[in-house]
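The structure that follows is given in the form of structure tokens.
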Amino acid sequence: MVIMTNYEIIKHHRLKAGISLGQLAKATDLDKGGLSKIENGKSNPTVKTLAKVCKVLNLKIEIVEDTAN
């Protein structure tokens, strides 16, 4: 079993779809540099940003609330 981070999942599906980072940036109206940081785990996307990316990549987004505390 391979476990990927959220960031790796985004990059994996982008590459699988044959979409360049520039194309994803244009399709989501987001900054290419910002998307690169997200894909490399150097930045956390907002829910709005994540929703835009998931829509273009045809991914389902689920928000799980941390109830441990």
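The values are calculated or read from the model by the stated rules, or taken from the named source; none is laboratory data. It should be emphasised that the depicted structure is a prediction, and the values quoted were computed from it without experimental measurement. Note that each Cβ is placed from the backbone with ideal geometry, even for glycine, and that neighbours are counted across all protein chains shown. Just the protein is used for accessible areas: all its heavy atoms, side chains included, with ligands, DNA and RNA removed. Shrake-Rupley method; radii C 1.70, N 1.55, O 1.52, S 1.80 Å.
So residue 26 clears everything in (1) in a loop (DSSP other than H, G, I, E, B); (2) open to solvent by 100 Å² or more (accessible area, probe 1.4 Å); (3) at pLDDT 90 or above except one condition, right? Which one?
Status for residue 26: all satisfied but (1).
Would you please name the residue that is modelled with the lowest pLDDT, looking only at residues in the stretch 2-12 that are touching a helix residue (DSSP H, G or I) at 6+ places or on another chain (Cβ under 9 Å) and either assigned to a helix (DSSP H, G or I) or among the charged types (D, E, K, R) (or both)?
So the residue we want is 6.
Can I ask one more? Across the stretch 23-66, what is the number of residues that are over 18 Å from residue 8 (Cβ atoms) and either among the acidic types (Asp, Glu) or in contact (Cβ under 8 Å) with a residue 40 or more places away in the chain (or both)?
The total comes to 4.
Here's something else I'd like to know. Which one is most open to solvent (accessible area, probe 1.4 Å), of the residues in the stretch 33-61 that are hydrophobic (A, V, I, L, M, F, W, C) and outside any helix (DSSP H, G or I)?
61
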